[in-house]
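Structure, as structure tokens:
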Amino acid sequence: MASRQGGPGPDEGSGTGSTERRTAPHAATPDAGSRREPTTPPSRFGPDDSRARSAHRPDAGGSEPTARRRTPEDPPVRDPSLYALTDHFRERLEQPGRYVSTRAVSDAIRRGQLRWNRTDGWRFALVEDGIRFVVVVGDTETNSPVVVTGWTEIADRDRALEAGRFDPVDIDTIDVRTGLSEASAEPIPDRIRPRAITRPFVVGEHRLETEPGQPYVCCADCGCRFRSKDAITGRGCHGPSGR
């Protein structure tokens, strides 16, 4: 379900519960000429399809062609105020360690690169200060598009550390969370081992942290240790009694 209340507006700050740093500088809006044109996936109708032709055919009276209806393959609009936020995305705004905000969503929709993904559909991606903000949108062929989900990735670790928008714990958290999600069934001890996460981040029912040298993340509440996302989401957290 999607809610219209509090959708990303043009000048909003971080959303409620966002862990994005308040000291983050606002990126300047680039000139219109610097924007990349979206890459449109192949249309579901070929150029010779009768349905495609009929959408542009004038009527018998010689009037203007009927406007073609939008399809899911048409590039989504770049006006953040038109998008509602799904309940799934609202939950992410409130979870520690997500590093997504309504401001990041608005910036990505306005200025991010647009790509078509066969699994998710349309997604915007904007790199700022070494961090990639990814926003997946849906219902883009309608008058009520929605923000389905969003996440962060490390685009350039050195740049992210230099920029100071996020501290080293934030950056390690983004890196470990990305690794867990990229191959949810695969253990990633080598990716976890060099990271230091002292502020727990949430996956499933667990609040996770780790120390340098440990090949696992550990739940701060129940003490369970995990090396893959499937292991985390497949086990409930029962607090200290679960140790």
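Checking the structure you have, find out if any residue of the stretch 175-183 is hydroxyl-bearing (Ser, Thr, Tyr), at pLDDT 95 or above, under 23 Å from ALA155 (Cβ atoms) and in contact with an Asp or Glu (Cβ under 8 Å, 6 or more places away or on another chain). Looking through the stretch 175-183, at least one residue is hydroxyl-bearing (Ser, Thr, Tyr), at pLDDT 95 or above, under 23 Å from ALA155 (Cβ atoms) and in contact with an Asp or Glu (Cβ under 8 Å, 6 or more places away or on another chain). Of the residues making up the stretch 105-120, those that are under 27 Å from PHE201 (Cα atoms) and modelled with pLDDT under 95 are THR119, ASP120. Filter the stretch 155-172 down to the residues that are surrounded by fewer than 19 Cβ atoms within 10 Å (Cβ to Cβ) and modelled with pLDDT of 95 or more and list them by number. Once the filter is applied, which keeps residues that are surrounded by fewer than 19 Cβ atoms within 10 Å (Cβ to Cβ) and modelled with pLDDT of 95 or more, the stretch 155-172 yields ALA155, ASP156, ARG157, ASP158, ARG159, LEU161, GLU162, ALA163, ASP167, PRO168, VAL169. In the set (1) under 16 Å from ALA231 (Cβ atoms); (2) touching a residue at least 12 places away in the same chain (Cβ under 8 Å), CYS218 fails one condition alone, (2).
Residues being among the β-branched types (Val, Ile, Thr), in the same structural domain as ARG118 (by TED's automatic domain parsing) and out of contact with any helix residue (DSSP H, G or I) (no Cβ under 6 Å at 6 or more places or on another chain) are represented in the stretch 145-168 by at least one member. Of everything listed in (1) over 16 Å from GLY97 (Cβ atoms); (2) in contact (Cβ under 8 Å) with a residue 60 or more places away in the chain, the single unmet condition for ASP190 is (2).
Selection over the stretch 182-222 of residues that are under 14 Å from TRP151 (Cβ atoms) and in contact with a helix residue (DSSP H, G or I) (Cβ under 6 Å, 6 or more places away or on another chain) gives a count of 3.
Taking the stretch 76-144 and the strands (runs of 3 or more DSSP E) fully enclosed by it, the elements with 1 or more residues that are in contact with a Pro (Cβ under 6 Å, 6 or more places away or on another chain) and surrounded by fewer than 18 Cβ atoms within 10 Å (Cβ to Cβ) are at 113-117.
The values are calculated or read from the model by the stated rules, or taken from the named source; none is laboratory data. Note that the structure is a prediction, hence the values are computed from the model and not measured. Positions of Cβ are backbone-derived with ideal geometry, glycine not excepted, and every protein chain shown enters the neighbour counts.
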